[in-house]
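Quick notes on the structure that follows.
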Amino acid sequence: MTQTEQKELVAATAIDTLIKNKKIFSGMKIGLGTGSTAVPAVKHLAKRIADGTLKDIKAVVTSFGTQNLCEELEIPVYSMNDKIIGGHLDLAIDGADEVDPDNNVIKGGGAALLREKIVAYNAEQFVIVADSTKIVDSLGTKFRLPVEIIGEARVPVTKALEALGAECVLREGVKKCGPVITDNGNQILDILWKEPVNPCMMEDKINSIVGVVEVGFFTKNKPIVFTMNSDCNVIQR
Ligand code: 5RP
């Protein structure tokens, strides 16, 4: 099975399992993630709205990309600040770049980590859908951890991250000269460690650096993770 096929199967199975287990139901406020695994999850959710299984779903999106997709699929989109949402979601569903054995996660490969974390940390239940390549023993030694920063603070933030033992690279645009600019107008440092670090402690340490907007370690609202095992069965952990 290709990675794309895995993403589609895991995403669709997760949505249907959550509906069956009454963790997704009509009237819910749902945070929708960003990326090539979140896309089939959003599409499958739209399918269940279209076939009448789900009614009155209110979505909060995490990027312009997911907003455009929801508009195309006619999923009603709200802001976290809308009265009807009240700053709290019933569930958030998203992809991941890496997941460790304790279900700590790295996110931000699509530069949407800030709004993804706002949604994930303000949801009653956080759900990750991840193909098997995302499952790792420890975070941040192969995939670079994204850190969203204020552009003006790039040098001091880089020095502070280097003092924590990280090697930093400014994310460059594709078909755009200079750095990637996030949906929030910020820049991204992608950082790598030679040795595994404690992601929970490091999430707090990095977020305490002045000029850091948000870090891509997600350790505080532990998700249910849907992924695929070596027998090509979707599993939940
Ligand atoms: C975007 C993200 C994505 O969820 C993460 O990068 C995984 O992406 P994909 O599903 O395309 O592999 O965090 O900011």
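The values are calculated or read from the model by the stated rules, or taken from the named source; none is laboratory data. Treat the numbers as computed from the prediction; the structure is a model and nothing was measured. Note that each Cβ is placed from the backbone with ideal geometry, even for glycine, and that neighbours are counted across all protein chains shown. Surface accessibility is based on the protein's heavy atoms, side chains included, excluding ligands, DNA and RNA. Shrake-Rupley method; radii C 1.70, N 1.55, O 1.52, S 1.80 Å.
Odds and ends about this structure:
- Candidate set: segment 1-27, residues that are assigned to a loop (DSSP other than H, G, I, E, B) and of a type outside the set (A, V, I, L, M, F, W, C); chosen: the one least open to solvent (accessible area, probe 1.4 Å): Gly27
- Here segment 221-237 is the region considered, the condition is being within 16 Å of the ligand (Cβ to nearest atom) and part of a loop (DSSP other than H, G, I, E, B), and the residue that is least open to solvent (accessible area, probe 1.4 Å) is Pro223.
- Positions within segment 28-39 being open to solvent by 10 Å² or more (accessible area, probe 1.4 Å), outside any loop (DSSP other than H, G, I, E, B) and within 9 Å of the ligand (Cβ to nearest atom), in sequence order: Val39
- Helices (runs of 4 or more DSSP H) wholly inside segment 104-207 that include at least 1 residues being in the same structural domain as Ser63 (by TED's automatic domain parsing) and either surrounded by 14 or more Cβ atoms within 10 Å (Cβ to Cβ) or basic (Lys, Arg) (or both): 113-121
- Against the test of being in a loop (DSSP other than H, G, I, E, B) and either among the β-branched types (Val, Ile, Thr) or within 16 Å of the ligand (Cβ to nearest atom) (or both), the options Ile75, Ile49 yield a single qualifying residue, Ile75.
- Lone unmet requirement of (1) more than 30 Å from Ile235 (Cβ to Cβ); (2) among the charged types (D, E, K, R); (3) under 16 Å from the mean Cα position of the chain (by Cα) for Asp131: (1)
- Per the conditions (1) under 18 Å from Ile224 (Cβ atoms); (2) open to solvent by less than 20 Å² (accessible area, probe 1.4 Å); (3) not aliphatic (A, V, I, L, M), the sole criterion not satisfied by Cys70 is (1).
- Meets criteria (within 20 Å of the chain's Cα centre (by Cα) and within 21 Å of Val99 (Cβ to Cβ)) for Ile181: no
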